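The block underneath contains the structure these notes are about, expressed in structure tokens.
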Amino acid sequence: MLSWEIDALDKELGGLKEHSFVLVHEADPRARGKEILFHILRQKLKRGSLVGYFNISYPVHILMRAFEISGIDGRKYLKNGTLAIIDTFGSFYDIISDVEGIWYLKGSLSADVLPAKYVEVVEAHKRKWSESGMFGGRKLYGFAIDVSDYIDMLGGELETLKYLEISAELRANARAYREYPKGTNFWLWGRKGSSQILASVYRRATYVLRVRSELSGNRVVRYLEVLKAPDMKSEVIRFTYHFDGNVPVLERV
């Protein structure tokens, strides 16, 4: 079992099953779900793990600033090769930076062809890691933030659903995942979207965490709910949480 990098989750769930697909549903921005995933990402990089980050929502310079605020030296990890960024945002909007370790997708990026282009880039970078001898003794993680932004990029919910369905089928059979080590993947879904899209993602996830917030007077109360996990003994596991600096601190409700 792997660590969640959050003690309360490790204790309650017995760790994280390797090669899992973890979905974090951020019900509202005030819940700061992205910061929870940035905490996990930061800790994995500190441990020397290999991380592939799918940048969907921001220009690279803004992403780098978000990393910096979260205590992640993105340029250092790009340079030493443990971090790779697939810059979907820049690929769509043709905002491209010549930075080592950042990959861009070329040509058409419709829902029909985007999954195959991702697989091509993932295979190319895994080949690079393999040729550099970087897989030895290291765990592999993938982070995709914010997957719900595909609704705008791909032109609507039906196209996004098509992308998700095609992508799942390709990942099941692609050489990038058969001939090279597989990772443990974290996705953040940051808007409600349609129930049909969420159902498609929930169905494939090994773990589903929902983070949400509410106001209590002048105070923000944040909740993390485990909705799906292997061998769960109850319907929902619920925590409240706050941040100590960049570190999420959970308490079981």
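A few points about this structure:
- Hits in segment 168-183 - residues which are open to solvent by less than 30 Å² (accessible area, probe 1.4 Å) and either part of a helix (DSSP H, G or I) or in contact with an Asp or Glu (Cβ under 6 Å, 6 or more places away or on another chain) (or both): A168, A176
- Residue, most open to solvent (accessible area, probe 1.4 Å), within segment 94-108, restricted to residues that are touching a residue at least 24 places away in the same chain (Cβ under 8 Å) and out of contact with any strand residue (DSSP E or B) (no Cβ under 6 Å at 6 or more places or on another chain): I95
- Subset of segment 78-93 (residues that are touching a strand residue (DSSP E or B) at 6+ places or on another chain (Cβ under 8 Å) and either open to solvent by 30 Å² or more (accessible area, probe 1.4 Å) or aliphatic (A, V, I, L, M) (or both)): L78, L83, A84, I85, I86, F89
Here's the yes/no breakdown for (1) surrounded by 19 or more Cβ atoms within 10 Å (Cβ to Cβ); (2) in contact with a Ser or Thr (Cβ under 9 Å, 6 or more places away or on another chain); (3) modelled with pLDDT under 95:
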| site | (1), (2), (3) |
| --- | --- |
| S3 | no, no, no |
| L23 | yes, yes, no |
| F38 | yes, yes, no |
| R47 | no, yes, no |
| S57 | yes, yes, yes |
| A66 | no, no, no |
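- Inside segment 192-222, residues that are open to solvent by less than 80 Å² (accessible area, probe 1.4 Å), under 20 Å from the mean Cα position of the chain (by Cα) and either in contact (Cβ under 8 Å) with a residue 40 or more places away in the chain or closer than 30 Å to M134 by Cβ (or both) make up a count of 14.
- Reported count of residues in segment 123-167, each being in contact with a strand residue (DSSP E or B) (Cβ under 8 Å, 6 or more places away or on another chain), open to solvent by less than 20 Å² (accessible area, probe 1.4 Å), in a helix (DSSP H, G or I) and modelled with pLDDT of 95 or more, is 2.
- Pairing residues of segment 43-63 that are within 18 Å of E5 (Cα to Cα) with residues that are among the hydroxyl-bearing types (S, T, Y) and assigned to a strand (DSSP E or B), at Cβ distances under 6 Å and at least 6 apart in sequence or on separate chains, gives K44/Y141; S49/Y141; V51/Y141.
- Residues that are among the basic types (K, R) and touching an Asp or Glu at 6+ places or on another chain (Cβ under 7 Å) are absent from segment 190-199 altogether.
- Hits in segment 223-244 - residues which are loosely packed, with under 14 Cβ neighbours inside 10 Å and either touching a residue at least 40 places away in the same chain (Cβ under 8 Å) or in a loop (DSSP other than H, G, I, E, B) (or both): P230, D231, K233, S234, E235, V236, F243
- Residue check, Y202 among the aromatic types (F, W, Y) and not in a helix (DSSP H, G or I): no
- Number of the condition not met by E12 [criteria: (1) touching a residue at least 24 places away in the same chain (Cβ under 8 Å); (2) farther than 19 Å from E251 by Cα]: (2)
- Residues being at pLDDT 95 or above and part of a helix (DSSP H, G or I) - total across segment 93-114: 1
The values are calculated or read from the model by the stated rules, or taken from the named source; none is laboratory data. Model, not experiment: these values are computed from the prediction. Cβ coordinates were reconstructed from backbone atoms using ideal geometry, including for glycine residues, and neighbour counts include every protein chain displayed. Ligands, DNA and RNA are excluded from the accessible area calculation, which covers all protein heavy atoms including side chains. Shrake-Rupley method; radii C 1.70, N 1.55, O 1.52, S 1.80 Å.
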